[in-house]
Amino acid sequence: MNDLSDVPANAGSMRHHLTTRRGFIATASFGAVSLYALWAAFDAAPFNIVGLHDSNVPGGGHGGAKETAADSMAGHGGHGAANAGAASEEFRRMTEDFVARHRLPDGSVRAPRNELALSETMPAAHDMHASHGTMPMEAMSGTPVDVYLMAQQWSYEPAVLRLDAEVPYRFRMMATDASHGAALQLGRGSQIIRLRRGILTDRELTFRRPGEYLVYCTVYCGVGHDRMTGKIIVS
Amino acid sequence: MTTTRQSLAALLRDLPAAHRALLTTLVVSALVTLGYGVLFGALTAFVRAGFFELHPETGYRFMTLHGVTIFFYWLYFGQATMLLALAAAEGGAIRGIKLAPAAWLGTLLMLLGFTANQIGAWTGPPLLYDASPEVAGEERVAAGMSYVGYLLLAAGLFLVAASAIATALAAKAAANPRVWSTIGFGVVTWAGLLMVSSVAAVNAFLPSALWAYGLADMPTDPSTGWHLLFHNLHYLPLMGTVLIWYALIREMTGVKSIFGSRFSKIVFASYLIFVPPTSLYHMFLEPGLAPLVRVLGSLLSLFISVPTVAVFLVIVVSLEASMRARGSRGLFAWMRALPWRTPEMAAIGAAVVNLGLGGSLAFVLIQERLATLLSDTFFVPAYFHFLTVGTVSLTLLAGLMRITPALTGALRAPRLLALMPVVVTVGLVLFGFAGIFAGISGMPRRVLDASYDGAAPANWLMLSQIVGVGAILMAAGLLIHVAILLAGIALPVRRTVPSRSPAVLATPDGAAFRQAAWTGPLSVVLLVAAMYAITIVAFSLMQALPVVASAGGH
Ligand code: HEM
C-alpha cells in the first residue's frame, strides 16, 4: 500500500489546469468555509440582498424584528451541588411567594400589571445577587415586569401563567432538581430555553399576539419528561 | 502511470491466523452492535410515530439502548476495526499487527464495557446515553454500571489505538526510504485522536462513577465534561471516514491522489488543529456563556469542515482528472464509469451525498441565534442521522465489506448490497426532512409522545409517522448489510480473493494534471449556496414568531 511515488517525477515541468493545483484545493476549502464564517459572524450581505436585514435593531440586527440575542445570566450558578441547592431553595421560596401573591381562583397566575406590583418583586431579585438587583428604583420605570417560572421533575410552577400582549416581561427561571428546558411553542416555531440546576436564567420576552402557548421541557429529565408541560395564556 | 498493488483483502488474508482472528472478533463486534443498536433506534422511531405504545420507562430504556450501543459501541468498534486493518495492511503480512496482546486486551475491555453498559441500561434508570448523574438521582448505584461500561470502553479503545500506532510505526521503519505513506500517517493521526477521545471519556465519566459508588460527591458540572467528549465523538469518525474513502477509492479504481502524499498528510494533520476548538457550539444554549465566546464558537466550529472539504476535493478532482485523462468526455461520463456496482463504491457514493445534506443542515445550528430556535428539537437528530448513518456508518460498512473477504474468501450477495445504500439514503431523506420540518416548528427530541395531550401542533404526529417510515427503510438497509456480512463470516465461501487492486482506471503518466476537473469545486459552491439558503429560511422563520426576545438587560 505504499504510495511514495504519488506525483509523477516530471510533474513540476507540466502545465497544470487550475483545478488540479494544490493551491486551488487549499484556497477552495478555506475560501468556501470562510465565506460562510464571515456571514455567521457578522450577518453580512445576504440579509441585505434579500431585504431581511434590520440594522436599527439593538444588538446588531439579525433576522429583523426587534430581536437581540436572548441572553441568560447566572445567579449563584454552577458552584457546586451545595450552592446549587441553596440557590434552588431561594428561588423556590421566591416563586412560591410570586404564585401566592398573584394566584387567581382557577389556580392560574396572572402576572402583575403595574409598576407597584413590579417593585414588590424586586427586593427578592436583589437577594439573588442578580445584576438587576442593584439597579436604582427610579431607573426601573419601563423595565419589564418580572415573572417567575420554576422547573422541576415533572412540572412547572406556576403551571398556567396569564400575561398581556405587547408588555415586556422578564422571565426569571430556574431548574431546581435536575436540568430542564422551558421551551415555548409559538405556532410556526419554538423558543428553546435550557435551564441548568440552581442557575438563574433571565429572558426578556414580549408576546405580540394573544393566544395560548404551550410550555414544555426539552432537556431529558427522567421518565416523566414528556409529561412536563405548562401553559402561557396571553390576552 | 499504471499501478497495481496488493489488495487490502489480500494483504490481510496473509496475516498470521491469530491476527486475522483479532480482526474477525472486531468485525463481528462491530456488526453485532450495529444490528442490535439499529433495532432499538427503529423501535424508538415507531413509538414516537405512534405505531405502538410503550410504558415510558421501557420506551426511554430503548432510546438509551439505541444511543449507547450505536453511538459508543458501533462507532468505536467500527473505527477500531478499520484503524487496525489499515495499519496492518500498511505493514504487510510479514510484520503483522504490533502490540497484538494489547489490542486483544483492548478488544476484551471494550466487550466488557459493552456488557456493563447493557446491564446498566437494562437494570438501571433510563438515563439516555449521556447518563447525567442529575437524572440518576437516588438510583445512583443502579446507574453505576453505565459509567463503569464507558470507562472500560475508553481503556480498551486506548489500547487498540496504541497497537494501531505501533503497527503503523513499524511499517514506516521498514519502508524504504523511511517515510510515512499517506495512509500510515492518517492512521497515526486518527489513532491519536481516538486516544484523546478515551481520555475525554474518562474525564467525563470517572467523577460520575466515583459518585455512583459513594466515593465522591455528585459532579458539579457534568455537562462540560460530556460536551468535550461528545464533541470528540462527533468529529473523529469524520477523520476516519475521509481516510477510508481515500484508501478504498484508490483500491477500487486504481486512481490515487494527483496532489501527492505530502499534501494529503497536511490535510489529515489539520484535523488535529481543527477538532479541539470546535467543541463550543454544543454549548450555545448553556446559561451564562459569554457573547464573545459564542461568536468565536460559531467561527471555529465551521473550520472543522476545511479538512473534510479538502479531502473531498482531493479525491473527486483526482478521480475526474484521471478519468478525463483516460478519455472520459462530457460532464458526467467520468462518474458513470466508476464501479458503482461494487457495494463499497455504492456505499461511499451515498456517504458523499449524505455528507452534503447533513453538512449543509449542520451549519444552521452553528448560527448561534438559530440555536434558540432549533437546539434540543428533533432538528438535531434529523440532521445528524445524515452524518452518523448516511456518512459515517455507510463508510465504515464499506470498509468492513472490503476487509471481510480476507476472512471469508468472498463477499456474498454483492448486487443486493450495492442497492442498500440507496435504500438507506431514501429512508434518511424521509426521516431527515420530516424530522427537520418538525424540529423547525419546535418538536422536541428525546420524547416518546410529542402530542402533549393535544396542545402540540397537529402536524407533529404526521411528521413523526413519516420519520417512522424512513426508519423502516434505514433499518432494513443497515440490517441487510449486517446479516449478509455476518452470514459470510459464519458460513464462509471459499473463493479466491483478488490479490491485486484493479488497474483499469489508472492514469497515463502526468496527463491528469492538464484536465479541467470542475465537478468537485462546483459541488462545494452548491453546498455553500445550500447552507445560505437554509439559514435564510430559518432566520425568516424566527422573525415570524409572535414573540420578541431580548437580552436580560445587562
Ligand atoms: C436504522 C437506523 C436508525 C434509526 C431508525 C434511528 C432512529 C433514531 C431515533 C428515532 C432516535 C431518537 C430521537 C429522539 O427522540 O431524540 C435516535 C437517536 C439517536 N440516534 Fe439513531 N437511528 C438509527 C441509526 C443510528 C446510527 C447508525 C447512529 C450512529 C452511528 C445513530 C445515532 C443516534 C444518536 C446519537 C441518537 C441520540 C440519542 C439520544 O438523544 O439519547 N442512530 N435514532
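The values are calculated or read from the model by the stated rules, or taken from the named source; none is laboratory data. Keep in mind that what you see is a predicted model, and the values were worked out from it rather than measured. Please note: Cβ atoms are built from the backbone with ideal geometry, for glycine as well, and neighbour counts cover all protein chains shown.
The residue that is surrounded by the most Cβ atoms within 10 Å (Cβ to Cβ), among those in region B:17-30 that are of a type outside the set (Val, Ile, Thr) and closer than 12 Å to B:Ala406 by Cα, is B:Leu23. All of B:Gly359, B:Gly390 fail the test of being within 14 Å of chain A (Cβ to nearest Cβ), touching a residue at least 24 places away in the same chain (Cβ under 8 Å) and part of a helix (DSSP H, G or I), apart from B:Gly359. Flag: B:Ala162 does not match the condition of being over 24 Å from B:Thr69 (Cα atoms), in contact (Cβ under 8 Å) with a residue 60 or more places away in the chain and away from the ligand (no atom under 16 Å from the Cβ). The condition of being in contact with a Leu (Cβ under 8 Å, 6 or more places away or on another chain), in a helix (DSSP H, G or I) and not hydrophobic (A, V, I, L, M, F, W, C) holds for B:Gly399. Scanning region B:362-383 for residues that are more than 20 Å from A:Ile193 (Cβ to Cβ) and either in contact (Cβ under 8 Å) with a residue 60 or more places away in the chain or away from the ligand (no atom under 16 Å from the Cβ) (or both) yields B:Phe363, B:Ala382. If you go through region B:393-405 one residue at a time, do you hit one that is surrounded by fewer than 24 Cβ atoms within 10 Å (Cβ to Cβ), of a type in the set (D, E, K, R) and either more than 15 Å from the ligand (Cβ to nearest atom) or under 24 Å from A:Ser34 (Cβ atoms) (or both)? No, that holds for no residue. The residues listed here are A:Leu195, A:Leu214, A:Leu184; of these, the one that is surrounded by fewer than 23 Cβ atoms within 10 Å (Cβ to Cβ) and under 18 Å from the mean Cα position of the chain (by Cα) is A:Leu214. Scan region B:445-464 for residues that are of a type outside the set (A, V, I, L, M), under 12 Å from B:Arg48 (Cα atoms) and surrounded by 18 or more Cβ atoms within 10 Å (Cβ to Cβ) and the total you get is 5. For region B:488-497, the condition holds for no residue, the condition being that it is within 14 Å of chain A (Cβ to nearest Cβ) and modelled with pLDDT under 95.
Considering B:Ile472, B:Ile480, B:Ile534, the condition of being within 14 Å of chain A (Cβ to nearest Cβ), outside any loop (DSSP other than H, G, I, E, B) and modelled with pLDDT of 75 or more is satisfied by B:Ile534 alone. Could you tell me which numbered condition B:Gly409 fails, if it satisfies all but one of (1) in contact with a Gly (Cβ under 8 Å, 6 or more places away or on another chain); (2) under 26 Å from B:Phe77 (Cα atoms); (3) surrounded by fewer than 21 Cβ atoms within 10 Å (Cβ to Cβ)? Answer for B:Gly409: the failing condition is (1).
Annotation for region B:207-227: at least one member residue is assigned to a helix (DSSP H, G or I), more than 10 Å from chain A (Cβ to nearest Cβ) and touching a His at 6+ places or on another chain (Cβ under 8 Å). Taking (1) within 14 Å of the ligand (Cβ to nearest atom); (2) touching a Pro at 6+ places or on another chain (Cβ under 7 Å); (3) among the polar types (S, T, N, Q) in turn, B:Ser441 satisfies each apart from (1). Just one of the listed residues (B:Leu365, B:Leu387) is closer than 24 Å to A:Gly189 by Cα, hydrophobic (A, V, I, L, M, F, W, C) and touching a helix residue (DSSP H, G or I) at 6+ places or on another chain (Cβ under 9 Å), namely B:Leu365. Taken together, the criteria exclude B:Val135 from residues that are within 16 Å of the ligand (Cβ to nearest atom), within 22 Å of the chain's Cα centre (by Cα) and within 14 Å of chain A (Cβ to nearest Cβ).
Of the residues making up region A:171-215, those that are part of a strand (DSSP E or B), at the interface with chain B (Cβ under 7 Å from one of its Cβ atoms), more than 30 Å from B:Pro219 (Cα to Cα) and of a type in the set (D, E, K, R) number 1. Test B:Gly92 against the criterion of being surrounded by fewer than 21 Cβ atoms within 10 Å (Cβ to Cβ), away from the ligand (no atom under 15 Å from the Cβ) and touching a residue at least 12 places away in the same chain (Cβ under 8 Å), and give yes or no. Yes: the conditions hold for B:Gly92. The residue list A:Ala159, A:Ala139 contains one member that is surrounded by fewer than 16 Cβ atoms within 10 Å (Cβ to Cβ), modelled with pLDDT of 95 or more and out of contact with any helix residue (DSSP H, G or I) (no Cβ under 9 Å at 6 or more places or on another chain), which is A:Ala159. Among the residues of region B:322-341, not one is assigned to a loop (DSSP other than H, G, I, E, B) and crowded, with 23+ Cβ neighbours inside 10 Å.
Residue-wise test of (1) closer than 27 Å to B:Thr107 by Cβ; (2) within 10 Å of the ligand (Cβ to nearest atom).
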position: B:Gly50; (1), (2): no, no
position: B:Glu57; (1), (2): no, no
position: B:Met63; (1), (2): no, yes
position: B:Ile70; (1), (2): yes, yes
position: B:Leu75; (1), (2): yes, yes
position: B:Gly78; (1), (2): yes, yes
position: B:Thr81; (1), (2): yes, no
position: B:Ala85; (1), (2): yes, no
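Regarding B:Arg446, is this residue within 11 Å of the ligand (Cβ to nearest atom), in contact with a helix residue (DSSP H, G or I) (Cβ under 8 Å, 6 or more places away or on another chain) and part of a loop (DSSP other than H, G, I, E, B)? Here the answer is yes, as B:Arg446 does meet what is asked.
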